[in-house]
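Quick notes on the structure that follows.
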Ligand SMILES: Cc1cc2nc3c(=O)[nH]c(=O)nc-3n(C[C@H](O)[C@H](O)[C@H](O)COP(=O)(O)OP(=O)(O)OC[C@H]3O[C@@H](n4cnc5c(N)ncnc54)[C@H](O)[C@@H]3O)c2cc1C
């Protein structure tokens, strides 16, 4: 996996940025909008060689990849370039594929002629640039036609774009039959993916405009960027825009590499990036208040362009139907074909979305482990008791070294990088494994590794690693939730001991644990973050009481009470009054806790269920509503996967991700809540039957997901807390309360 540009791609992007900053700024776009095309910009991008760069050298191009071209297209989108760059590039590659019948036209196009293609199946709808391009292509049935431009009188549209209804009366045939249709479809997919990149560029530029305006504009005596409602919306969009860019590049990469998933990814990117560009531009206009509505301001250009571009293929909702066909229809690629296509080719430099062969081998090893150890009994027992931990399974995980997969080998870990570690967790989540205990024990172990005393490291750590000892986390209290630094549980020094009094809420695993990792207040005179100390308290110490708490999701958690609990100073972890930094020390090892595997399993399971033919031979997947919902959630989760692995990839590169983990957690958990709600609707009344009741569809997976998903947006830092982090650290917005 490599999510960076090559030096050549970076150089191209930088050169494009210089060109577009001069040739396609807001004022210039406004001036040229009525004409719908900017001839000077077109000349400049032809001089730079962009439209034909992704055509093979033998055909007169520069032999670049679609990904290379995308580096410039992203800039084109960000600057609202009024020229048919994507269209011409796609037509040039299509003409090259057609062979001798298209040689003359190809020569014209690689020589600097502009081109476009009629994308919509509605022949009366306008085609972008058809009123200005030199060459216009259209598919009529299975006949590919071309007409010299202009292909019809210009019609004013929402965003200029020199649009015209293409008149094919005098068109000449270029090719026909199944091969022509296949070439055409490939060209439309290339258009989808490249346009998705342009839309991601537009979305980022729109968001930047909105954020800058919100910083500068004051109301009620403060910048409007300090209002939490505005910050949180920006945070959502920041995450969605990042995700849209990743998805767009994944689609382009898949086309470059002829991945079996390329057609589905192209449609997913087209739908998602169009949606997000629309949302980002729309909110940025809103943040501009009345000024956003004025033609003098640039943001309205973004709104109109985002929407118009999104509509060029026709109703964007139809893309969801295309996605469903390509993901689950009769021609959808089998998972085996996808996997073998990936392992067959070497990794490439720059923007490669494949896992390394060693990572794929590790995944196979993890899957074999799960097959061997995660029995139905283990899963059923966890659900029946609500304790998401199983000692037998936990010890097997520990024996295999999975508790410390990402720790260095010298300290007892497997030395796996963050990508492997993330993959391990997602495989376990996706299989429904009960691993609350694993997560907590790993976090406490990692903290001891960084902050523990030699004795703690020698006596407790090996037992945690061996799966003999379990821990629980005593952070939350009745009055200290998201604001965990407000804990009131007191630890008072008495000679060489500490005496602890207080109450902790939601102490999950306390009833199985040997130790509680407990955050207590040791100094009332210091600011609240500074008067805290961390302790590792044996659960069999007199004075600790545990009361079970049942939850809507079925998970058991606990309230724990501490009265006169006396522990030696050797139970302290880290320095006195340094508990806050001890609590965060484990972050070095705990990189990607977001649970993508579970929501992904939900969507895939419902898709498989919907595909099953009924007695009359039809399936639920024939229902457009079902298809649309599944397409939407599989796409949202693909974005979540990309955000998650982007964060892991950064860690694996040696960087310390800042807000990337928060973006992944926010995106995935919010999608989980909405997906589980919409998917239970699709199942209807049968979806209400409780999990593990006889006859529950999918053994009640969706009913359980509906009850459980919401908590994932609360623990581990609620969605609002993640938005605060993204707005503050990611967008640099002022602190809000
Ligand atoms: C099943 C379960 C297991 C758990 N396990 C553990 C555990 O093992 N150990 C442990 O210590 N804790 C555990 N927790 C507690 C969990 O970490 C807290 O629930 C979480 O931190 C939120 O705290 P709270 O519930 O007090 O909600 P609050 O913090 O009171 O939040 C209530 C609402 O206000 C919002 N909010 C809070 N602050 C802000 C803000 N600054 N801006 C905008 N909105 C805000 C929140 O997003 C939320 O929507 C568990 C919780 C559950 C439900």
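Would you confirm whether any residue within region 546-554 is away from the ligand (no atom under 13 Å from the Cβ) and either in contact with a strand residue (DSSP E or B) (Cβ under 9 Å, 6 or more places away or on another chain) or in contact (Cβ under 8 Å) with a residue 60 or more places away in the chain (or both)?
yes
Go through (1) touching a strand residue (DSSP E or B) at 6+ places or on another chain (Cβ under 9 Å); (2) more than 28 Å from residue 435 (Cβ to Cβ) for residue 505 and report which single condition fails.
(2)
Specify which of the listed residues (589, 562) is at pLDDT 95 or above, crowded, with 21+ Cβ neighbours inside 10 Å and under 30 Å from residue 514 (Cβ atoms). Can you show your working first?
Details: 589 fails: at pLDDT 95 or above.
From the options 589, 562, the qualifying one is 562.
Kindly check whether there is at least one residue in region 397-412 that is under 26 Å from residue 669 (Cα atoms) and within 16 Å of the ligand (Cβ to nearest atom).
Going through region 397-412, the residues under 26 Å from residue 669 (Cα atoms) turn out to be 397, 402-406.
Then keep just the ones that are within 16 Å of the ligand (Cβ to nearest atom); that gives none.
So far as region 397-412 goes, no, none of its residues is under 26 Å from residue 669 (Cα atoms) and within 16 Å of the ligand (Cβ to nearest atom).
Is region 473-496 home to any residue that is part of a strand (DSSP E or B), out of contact with any strand residue (DSSP E or B) (no Cβ under 7 Å at 6 or more places or on another chain) and within 15 Å of the ligand (Cβ to nearest atom)?
Checked region 473-496: at least one residue is part of a strand (DSSP E or B), out of contact with any strand residue (DSSP E or B) (no Cβ under 7 Å at 6 or more places or on another chain) and within 15 Å of the ligand (Cβ to nearest atom).
Kindly check whether there is at least one residue in region 713-731 that is assigned to a helix (DSSP H, G or I), within 16 Å of the ligand (Cβ to nearest atom), touching a helix residue (DSSP H, G or I) at 6+ places or on another chain (Cβ under 8 Å) and under 21 Å from residue 597 (Cβ atoms).
So far as region 713-731 goes, yes, one or more of its residues are assigned to a helix (DSSP H, G or I), within 16 Å of the ligand (Cβ to nearest atom), touching a helix residue (DSSP H, G or I) at 6+ places or on another chain (Cβ under 8 Å) and under 21 Å from residue 597 (Cβ atoms).
Quickly run through region 699-712 and pick out the residues that are in contact (Cβ under 8 Å) with a residue 12 or more places away in the chain and more than 8 Å from the ligand (Cβ to nearest atom).
Selection gives 701, 702, 703, 704, 705, 706, 707, 708, 709, 710, 712.
Among the numbered criteria (1) crowded, with 21+ Cβ neighbours inside 10 Å; (2) assigned to a helix (DSSP H, G or I); (3) under 27 Å from the mean Cα position of the chain (by Cα); (4) more than 16 Å from the ligand (Cβ to nearest atom), which single criterion is violated by residue 427?
Against the list (1) crowded, with 21+ Cβ neighbours inside 10 Å; (2) assigned to a helix (DSSP H, G or I); (3) under 27 Å from the mean Cα position of the chain (by Cα); (4) more than 16 Å from the ligand (Cβ to nearest atom), residue 427 comes up short only on (1).
Taking the condition of being in a helix (DSSP H, G or I) and either farther than 29 Å from residue 708 by Cβ or touching a residue at least 40 places away in the same chain (Cβ under 8 Å) (or both), how many residues in region 335-380 meet it?
22
Just the residues that are surrounded by 15 or more Cβ atoms within 10 Å (Cβ to Cβ) and farther than 27 Å from residue 125 by Cβ, please, taken from region 304-338.
328, 332, 333
Out of everything in region 9-60 that is touching a residue at least 60 places away in the same chain (Cβ under 8 Å) and loosely packed, with under 15 Cβ neighbours inside 10 Å, what residue ends up being nearest to the chain's Cα centre (by Cα)?
Among those residues, the one meeting the criterion is 10.
The rows are residues; the columns are (1) in contact with a strand residue (DSSP E or B) (Cβ under 9 Å, 6 or more places away or on another chain); (2) surrounded by 21 or more Cβ atoms within 10 Å (Cβ to Cβ); (3) in a strand (DSSP E or B).
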{"position": "144", "(1), (2), (3)": "yes, yes, yes"}
{"position": "150", "(1), (2), (3)": "yes, no, no"}
{"position": "158", "(1), (2), (3)": "no, no, no"}
{"position": "161", "(1), (2), (3)": "yes, yes, no"}
{"position": "170", "(1), (2), (3)": "yes, no, no"}
{"position": "179", "(1), (2), (3)": "no, no, no"}
{"position": "194", "(1), (2), (3)": "no, yes, no"}
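May I ask you to list pairs of residues, at least six apart or on different chains, whose Cβ atoms are under 6 Å apart, with the first in region 497-518 being farther than 10 Å from residue 473 by Cβ and the second being within 9 Å of the ligand (Cβ to nearest atom) and part of a loop (DSSP other than H, G, I, E, B)?
These pairs meet every condition: 505/476; 505/478.
Do you know which residues across region 123-141 are part of a loop (DSSP other than H, G, I, E, B) and either under 35 Å from the mean Cα position of the chain (by Cα) or at pLDDT 95 or above (or both)? Step through it out loud before you land on a result.
In the first step, residues of region 123-141 are kept if they are part of a loop (DSSP other than H, G, I, E, B); the result is 123-125, 128-134, 141.
Answer for region 123-141, where residues must be part of a loop (DSSP other than H, G, I, E, B) and either under 35 Å from the mean Cα position of the chain (by Cα) or at pLDDT 95 or above (or both): 125, 128, 129, 130, 131, 132, 133, 134.
I need a count of the residues in region 439-472 that are part of a loop (DSSP other than H, G, I, E, B) and more than 16 Å from the ligand (Cβ to nearest atom).
Matching residues across region 439-472 total 7.
The values are calculated or read from the model by the stated rules, or taken from the named source; none is laboratory data. Keep in mind it's a predicted model, so treat the numbers as computed, not measured. Don't worry about glycine lacking a Cβ; one is built from the backbone with ideal geometry, like all the others, and counts go over all protein chains shown.
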